[in-house]
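The values are calculated or read from the model by the stated rules, or taken from the named source; none is laboratory data. Predicted, not measured: the structure shown is a model, and the values here were computed from it. Every residue, glycine among them, receives a Cβ derived from its backbone with ideal geometry; neighbour counts consider all protein chains shown. The protein model used for the area step is the full one, side chains on, heavy atoms only, and it has no ligands, DNA or RNA in it. Shrake-Rupley method; radii C 1.70, N 1.55, O 1.52, S 1.80 Å.
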Amino acid sequence: MEQTLFVIKDAYVRLVKILTKEKNDLEFIISQAKASIELIDACLLDCESSEQYRKTMMELSSIYRDINKPRVGLSDYFIWHDNYDKRIVANNELDEIKDILLKEFKSDI
């Protein structure tokens, strides 16, 4: 259980770091990623039962669905750099994070 939370937290921390560098309107996704990090931290400190863990995962799953709405969410977002090589590197990292989150939440979507 803890390992899953650590994987999700790491992905969201990386996501926040990447998106805060962008100049686009990403406040909602960033705020939801930060909320997910806080939920995970609270669970890691005080998740004593599988029921608490299940509730936390349900909340995290709900947030994940909210930030992946078509055309306005993370699922359709890409990073634009004028330099092609930088754009490829940046989007590969972003795609890796998206893949991690999808893998962790795929049974919930």
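Here is how the numbers come out for the structure above:
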| read-out | value |
| --- | --- |
| Filter result (over 13 Å from the mean Cα position of the chain (by Cα), at pLDDT 90 or above and among the charged types (D, E, K, R)) within segment 60-83 | D82 |
| Test: residue in segment 3-15 that is in contact with a helix residue (DSSP H, G or I) (Cβ under 6 Å, 6 or more places away or on another chain), free of Cβ contacts under 8 Å to residues at least 60 places away in the same chain, within 15 Å of G73 (Cα to Cα) and not aromatic (F, W, Y) | no |
| Those residues of segment 89-109 which are aliphatic (A, V, I, L, M) and under 18 Å from L19 (Cβ atoms), in sequence order | V89, A90, L94, I97, I100, L101, L102 |
| Count - residues of segment 8-42 that are hydrophobic (A, V, I, L, M, F, W, C) and touching a Lys or Arg at 6+ places or on another chain (Cβ under 8 Å) | 3 |
| Residue count, segment 18-58 (criterion: part of a helix (DSSP H, G or I) and either open to solvent by less than 90 Å² (accessible area, probe 1.4 Å) or of a type in the set (S, T, N, Q) (or both)) | 24 |
| Checking K17 against (1) over 13 Å from the mean Cα position of the chain (by Cα); (2) among the charged types (D, E, K, R); (3) closer than 21 Å to A90 by Cβ, the condition it does not meet | (1) |
| Of the criteria (1) open to solvent by less than 40 Å² (accessible area, probe 1.4 Å); (2) β-branched (V, I, T); (3) within 22 Å of S107 (Cα to Cα), which one V7 fails | (1) |
| Filter pass, A90 being at pLDDT 95 or above and either touching a Gly at 6+ places or on another chain (Cβ under 6 Å) or surrounded by 14 or more Cβ atoms within 10 Å (Cβ to Cβ) (or both) | no |
| Only listed residue being touching a residue at least 60 places away in the same chain (Cβ under 8 Å) and β-branched (V, I, T), chosen from I40, I29, I18 | I18 |
